[in-house]
Every structure is written in structure tokens, then in C-alpha cells.
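Nothing in this text is a laboratory measurement; each read-out follows from the coordinates by a stated rule. Keep in mind the model is a prediction, meaning the values are calculated, not measured. Here Cβ is always computed from backbone atoms with ideal geometry, including for glycine, and neighbour counts include all displayed protein chains.
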Amino acid sequence: MAPRELIADSDRFDVPRSYFADDAVWRQELETVFRHAWLLIGHESEVPAPGDYVTRRMGTDEVIMARSEDGPIHVLLNSCTHRGTLLCKADIGNSSHFRCGYHGWTFANDGTLRGVPRGRELYGKDFDRSSLGLRAARVGTFHGLVFATFDQELCSLEEYLGPMGFYLECMLGVSPAGTDAPYGSFRFTHLGNWKLEADNLAGDGYHLRHAHRAGFEMGLMGAQAGAVEGVCVQFPHGHALRAQRTAGQEEPAFPGYPEDRWLEITEQLSAEQVRMFAHSTVVHGLIFPNMAFVHTPRAGGFDAGEPDAAMLQVRLFNPLGVNETEELNWLVTPADYPHEWKESAFKTMQRQHGATAFFESDDLENFRRMLQVNGGREANRSVPANFDLARDSAPFTPWFDGPGSVVGSDISEVNQRWFYRHYLDAMGADA
Amino acid sequence: MSDLAAAATAFLHHETHLLNSERYDEWLALLADDFDYRMPQPVLRDDPALPRHSERSLLAWESVASLKLRFERILTDFAWADRPPAFHRRHLTAIRVAPIDDPAQVAVSADEIVFRSRTPEGSTVTSALREDVVDLSGDRPRLRRRTVLIDTDRPDLAQIALLY
């Protein structure tokens, strides 16, 4: 494999604090960034049977993810086409129809308008219901994850994810049985601007040994605390990823996965995916704009006798305003792995990476402390957020030959710069 | 009130006081070795007859080992989320004690109001139902199980980060 050079990246890179503090920015984000992206909605396993539905948000739009009677998954604007009332008020349920509580208009779970009380009598015999179905988003799936967009012009989901798919498949494609979200979704709100979580998970290797120092000192970082090598990778559409592995390993091994599955993993993945994913200590990244993932082998420190299980946490952060974010988390596992393995992975997620646990709690604390100062007049005008770390990485040879712009700076802000360049470009600002 | 109920009620008042006082080592000493702490995800469902908490999604699932780590972290100099510490207090009411199949143990449920306050999060008041199992078989009571059902469908982080 040929050494790769860091792409020249010479200008100072600042983002004005106003981007984290102004209501007008948030409203513009909804029009630009969120309107023209594939947004994560959930996992197929949340709606396994015809009629199953969950309610979600796309930006600030309320939507229903429903499996219709004939099988496909639909993502529908959760708003009656008569006067706009929220149709489906529950988080989760099963129904063949959604009926508005105001005037009784009734929609099938594929969005078709089925019933209008006294429709023929009051609206006339030529009343055309066909144009009054629920507004449907385009839906795409990737290894069980469901995405949607209301943008009819945007490229396909496959093209949107593009070469990021190579890396996502390393985590989502290890089993021929597909993936599962066995514990459903977790939802909570927190103070802080959504972009802080996005840029952190896109590739902030710098904060780990400080923000999460307690985790290192208490032995919860596992192999990440040892001799490791890492990369940051950037992709079209603003996605980015940071990956790290135990250095100097040759024979494929997959920490956190049952040894009797290792052969299957090597058969499921391509040779280069195996090379990339073997001996992984952590993979995390961002699907632009607001989906992130964290994959890590179990680091220990929990209950005795539990299987060593790798954890893949998928996160979604929806901006409820410039200062408040709604977060949803899923544990995503190979569908056919043993129950005990999934349970162990779940505990790792909630106890290490859940909102109340070691790592995310300290991250979210930093984000809300930024909120506390970002609105200040001086802070807003004279102290921008700076992302200049690691502009001059030496050429290096990655341990795998993978797609995307692979940079050998494990501790850098190259991915954050990538994220904000795409963000600012979408916002019509000079990036 | 029976002696059993009185003992269980006094035990609950004591362990809650220890949590309020952040005397975590003493609180851990009140737990059975197989203590199991769960906070199911609240769920809005249309049908009022259906449960309002998920059967499979847990916002928190702790054991003695994980709680020890959690408290150990708070004592490090790098527990950023807990510096400065928040004000917090648990208020118990309507403690109910009921027998279960094992005569050495009792089910204890209590309604609970938990107050938490700190800048910049502000103040939260969370209502919850605690469902406990207390083991009275040894020389002193031990808490074996606690399930916390919070009465809010969109909890914020400050509400779920607390132990109830």
C-alpha cells in the first residue's frame, strides 16, 4: 500500500460561536442541512409486523415509521392533510389506520387517505382523495437501518453513504442473518447544540485522554489504552470516521466477537474490510448530519461470567432548538448472536456509553458548558471555536487499503474541519 | 404496622438518606450481592390498558459492580459531569410493604419525588414509582432489587442520570 499524504489544509479554521447560539441559524439548518440529507429514522426490527409503527422526528418534523399491511416500511409526515393535526400521538403501536382526532380523516398505514366523514355529502362526488394522502418521505435501508428524506432531488441512500458503506459494513455486516436492535430505542433530551455531538463523534480523538480520563484511570478503555494506531477518514457528503486498532497485529482476530464466529466474519467481509476491522479497539463516526455510531469491544469492569461482547451504539441527535437536543440511541447487534452476548453488549452500552454512564455524561457536560458561554457578546464575536489541530500529519501507510480520504492522524481535528466545511457550505457560508 | 413492615420502612428511609447524603460506600453496603437496578424506558401507547414503560428497553441497568465503578468515578478529579455536584434530594411517600413467595423477603413500593438542581441545567422535579425487594433474612436488611418507573415520557438527561 502506498503512503498517503494529508491533503493540504493551510487556512486557520474557525467556526463563529454564533453558529452554536443563534436561533436564526437553527431555523436555517432545518431548511438547508436537514432538508437535503438522508436522516436516520430507526431500525427495521422496531416495526417487525404489518401495522407496527413508531413515531420519530426528521429535524423538527414529526413523522411515523410504519410497516404497511403489504410489508414495506413507510415514513410519513405525522400531520393530517386536512388541518394539520398530529395524527399519531403514541411512541409505538400497531394499527392499520391512523385517524385524526379533529374531524376524523383516516389514513391507511401506507399514507393513503381512506376515510373522510361525510366526504361525498359535504365535499361533493368529485372530491379527489388521492392527492390528500400523508406526505411520504423517500425511504432507504442499509443493513437494517432505516433512513428517509423529503428531498426528491437528493441522490439515492446508497450513493449518499458511498464509500462510508465499506466501513459501516465492517460492523453491520458481520453476520449473514443481518442486524437487530434487540432493546429498541432510548430517548432523552439534553442541553447543548446538536453540532457539538456531531463534531465530537466525527473524530475527536483529542478529548479522550482528558474528558474521559476517569475511564482510562479506572481501566475502562481496554485496548484503547495500549499500543494503538489509528486513522481519520473523510467521505463525500460530509461523513467522517475515526478508527483505531491494536498496533502490529497480523493474524485476523475480532475482539468482542465469539471466536466461533470469526471465520464467518472473514467470509462475510472483504479481505480489505477484514484487514481494517481486525483488532479494532474503537470505531466511531458521523453520517452527516446527525447520525453517529460508536463501536468498541467490551473493556471489562462489569459483572463476572458475562461473555465478552462488542458494542455498536447508533445515535441520532435532533435539534429541538439551538440549545436543546433530543437524542435517540440504539444497540445494534448481529441478528442471530446468542441472547447472552446481546445482553452483555447492552450492559456495555448503558453502563459505559449510555447517557448516564462514563463517557457520554462527561461529553454532554462539556457541550452544555459551551452552551452556557456561547451566547455571550464577547464570546460570540471574538472567540470562535477553533479546529486547527493536526494540519501537518506526516505521510503514513495505513494498515488497510480502504476508500475515502484516509489520514494517519488519530488525534486531529481533520474530521471536524471536514464536517464543518460541509455544514457551512450547506448553510451558504464561506467554508 | 407489622414488625416486618416497620423494619422494611425504616430500612428504606435509611438507605434513601444515605443516597441523599452521598454516603455511597455505606449505601453499597446495604445491597445484596446480586442487587439489580433497572429503569425501564417510559413509552406512550394509545391504549390506557397497556403498560407505560417498556418491557425490553432500560434507560439504566446496574449491578453492585457497575455501581461501585459509578461511585468510584465520582470520586476522581475528572468526573466533569459531577463537578460541581448538583443539589439533589429524594422524597419518599406512601411506602407499602407486601409479602412475596419467599417469606424472608418483602416487596416494598414507594412513591418518590426527586429534586435536582444545578446551573445551567436548572431544576428538575421527577415523580417516580420505586418497586423494591428487600431481603430480611440476615442480620440486617439488604436491598435486592429496585425498579424505577419514572412518570415522564420525555425525560431529560438530568432526570435519568440520578439514582432513584
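Descriptive notes on the structure:
- Here each label is just a point 7 Å from Cα along the line to Cβ, and for A:M427 and A:D70 those points are 4.3 nm apart.
- Fewest-first ranking of A:K342, A:K195, A:K125, using other Cβ atoms within 10 Å as the exposure measure: A:K125, A:K342, A:K195
- Volume of the Cα convex hull of chain A, divided per residue and given in Å³: 151 Å³
- Each Lys and Arg Cβ is given +1 and each Asp and Glu Cβ -1; about its Cα centre, the protein assembly as shown then shows a dipole of about 1660 debye.
- With semi-axes defined as the square roots of five times the eigenvalues of the C-alpha gyration tensor, the equivalent ellipsoid of segment A:1-138 measures 40, 20, 14 Å, largest first.
- Isolated cysteines in the protein assembly as shown, defined as those with no second cysteine Cβ under 4.7 Å, comprise A:C88, A:C155, A:C170, A:C232.
- Using the alpha carbons alone, the radius of gyration of segment B:3-161 stands to its Kirkwood radius in an Rg to Rh ratio of 0.96.
- Chain lengthening between B:A107 and B:D3 when straightened (0.36 nm per residue, less Cα-Cα): 36.0 nm
- Assuming charge only on the beta carbon of Lys and Arg (+1) and of Asp and Glu (-1), the dipole of segment A:59-116 about its Cα centre is about 220 debye to the nearest 20.
- Note on segment B:3-161: with charges restricted to the Cβ of Lys and Arg (+1) and Asp and Glu (-1), its dipole about the Cα centre is near 400 debye.
- Within the shell of other residues whose beta carbon sits under 12 angstrom from the beta carbon of B:R73, the net charge comes to 0, with Lys and Arg scored +1 and Asp and Glu -1.
- Extending 7 Å from Cα along the Cβ direction at A:E340 and again at A:D260 yields two label points whose distance is 1.1 nm.
- Cα lying deepest toward the dipole's positive end in the protein assembly as shown, options A:S68, A:N374, B:T76, charges on Cβ: A:N374
- R0 of 41 Å, Cβ-Cβ distance A:Q249-B:E22: FRET efficiency to nearest 0.05: 0.40
- For the protein assembly as shown, the residue among A:L316, A:S270, B:H53 whose Cα projects farthest onto the positive side of the dipole built from Cβ charges is B:H53.
- Label-to-label distance for A:L389 and B:L44 is 3.9 nm, based on points extended 7 Å past Cα in the beta-carbon direction.
- For chain B, averaging the sequence separation of C-alpha pairs within contact (under 8 Å, six or more residues apart) and dividing by the residue count gives a relative contact order of 23 percent.
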